[in-house]
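Report on the following structure.
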Amino acid sequence: MEKKRFFANHSKSSALVVSLAIHAVLLVVAISFVAVKVIIKEEPDFVAKKVKRPKMPPKKLQVPVDVKKRKPKPRLRKRIVSKPKNFTDIKMPEITGVKGGLGNMGGDGLGSLGFDLDIGDLFGSNKSMGNELTGTFYDLKQTKYGKPTNMDDGKYIAALNRFAKGWQQNRLSDYFKAPKEKYASFFMFPHMSADAAPKAYGVENIVKPKHWVAYYEGQISAPETGRYRFCGIADDVLLVRVRGRLVIDASYPAWRGKVTSWNSDDDNNRKFPMVNQHMVIGDWFRLTKGEPSEIEVLVGECPGGIFYCQLLIEQKGMEYKQVPYTYKEESGTRPVLPVFKTKEIPEKLVGQMKINPKEATLEGPTFGVVK
């Protein structure tokens, strides 16, 4: 009863105490919450606001150009190539070593179709197209160092005789050699000045037109298996060797028996007229179709003045055009033989050969090697 009376008498004080207690609890909770908020504070995320930028039209980069320094554009050269009258007249190239060869395309071979080919001269071209014989020019009047050798006609023939015994090119190595080589596919030189060879090899300013030789080497291949022989004449030197055997010495008569000891065994040797002399007939040798054979050719000039050389080829059993001939009191017929060649000869050079149709013809096989 006393307790109830006490709370009844102090009801206001009790309410105040309760209220203070509740507020105290709330205060403590609030302070704790704030403290937690202060201690554990999340880092705010900053998001950039999109800013609208004005769109500007792109400007072209302008580089100052000096108009005066501008060069005009090069003009392409137009090449005019004549068209053949009849398309069927153009022959497609054949594999070399077969009749016709690569050059058998009419006219100047590939040149007639618009290609720039190095036609060269009668001593050969300056670039090899294949199937040519490589030529090297020597001046026996001077050493390889340009010193005089006191060469004369006798010493010249003696030097060639030593060379012809073994055909070793190093026996010419002590003499002056032209820097460039030539590539020949035939040996048909009409009467010409003896300085034509030094000019062809580009040494006319340092080589006098006498006591020189040009040595050619390479391979040949017959279009048909059979027996063949060379025929021809030269003023002054023409020697041919096949597979290591001398098969003809068609040098000028004054040097017969001096350049080499070779002699023809044919009864008609030096009977048929040819270039103001009489044709030398060589030995027979056998060639197999498609089989390469080594060949070497030596041409040269002794005293200077006039030079010429013509080399033909004959196949045994082949029929050739016959023309009349007269030798002293003897008369009869002789064959017109084809020019020896390893490929078809360009028309530009045919005219320079001045071929006598009663002595030789360009209608014949080629002896290029199939590569």
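The values are calculated or read from the model by the stated rules, or taken from the named source; none is laboratory data. Quick caveat, the model's predicted, so the values are computed rather than measured. So basically every Cβ, Gly included, is an ideal-geometry build from the backbone, and we count neighbours across all protein chains shown.
Observations, loosely collected:
- Residue in the stretch 148-164 that is assigned to a strand (DSSP E or B) and touching a residue at least 12 places away in the same chain (Cβ under 8 Å) present: no
- From the options D267, D249, residue that is touching a Phe, Trp or Tyr at 6+ places or on another chain (Cβ under 8 Å), modelled with pLDDT of 95 or more and of a type in the set (D, E): D249
- Count of the stretch 170-191 residues, restricted to those that are surrounded by 14 or more Cβ atoms within 10 Å (Cβ to Cβ), without any contact (Cβ under 8 Å) to a residue 40 or more places away in the chain and assigned to a helix (DSSP H, G or I), is 1.
One line per residue, one yes/no per condition, for (1) of a type outside the set (D, E); (2) modelled with pLDDT of 95 or more; (3) in contact with a Phe, Trp or Tyr (Cβ under 6 Å, 6 or more places away or on another chain); (4) not in a strand (DSSP E or B):
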| residue | (1), (2), (3), (4) |
| --- | --- |
| G202 | yes, yes, no, yes |
| V207 | yes, yes, no, yes |
| E217 | no, yes, no, no |
| R227 | yes, yes, yes, no |
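- Among the conditions (1) more than 17 Å from A214 (Cα to Cα); (2) in contact (Cβ under 8 Å) with a residue 60 or more places away in the chain; (3) more than 35 Å from the chain's Cα centre (by Cα), E291 misses just one, which is (3).
- Residue check for V237: among the aliphatic types (A, V, I, L, M) and closer than 22 Å to E132 by Cα: yes
- Residue list for the stretch 200-231, filter: in contact (Cβ under 8 Å) with a residue 24 or more places away in the chain and surrounded by fewer than 17 Cβ atoms within 10 Å (Cβ to Cβ): G202, I206, K208, E217, E224, T225, G226, R227
- Residue within the stretch 319-330 that is under 30 Å from the mean Cα position of the chain (by Cα), exposed (fewer than 15 other Cβ atoms within 10 Å of the Cβ) and basic (K, R) present: no
- Of the strands (runs of 3 or more DSSP E) lying entirely inside the stretch 283-371, the ones with 2 or more residues being of a type in the set (S, T, N, Q) are found at 306-315, 322-327, 330-335.
- Residue within the stretch 302-309 that is surrounded by 14 or more Cβ atoms within 10 Å (Cβ to Cβ) and within 17 Å of G120 (Cβ to Cβ) present: yes
- Looking across the stretch 263-281, just one residue is of a type in the set (D, E, K, R), buried (at least 17 other Cβ atoms within 10 Å of the Cβ) and more than 14 Å from I248 (Cα to Cα), and that is K271.
- Evaluated against (1) within 22 Å of F340 (Cβ to Cβ); (2) surrounded by fewer than 17 Cβ atoms within 10 Å (Cβ to Cβ); (3) of a type in the set (A, V, I, L, M, F, W, C); (4) at pLDDT below 90, W167 falls short on exactly one condition, (4).
- Test: residue in the stretch 341-355 that is within 35 Å of the chain's Cα centre (by Cα) and free of Cβ contacts under 8 Å to residues at least 12 places away in the same chain: yes
- For the stretch 252-264, the count of residues that are touching a Ser or Thr at 6+ places or on another chain (Cβ under 7 Å), closer than 28 Å to Y183 by Cα and either not hydrophobic (A, V, I, L, M, F, W, C) or not in a loop (DSSP other than H, G, I, E, B) (or both) is zero.
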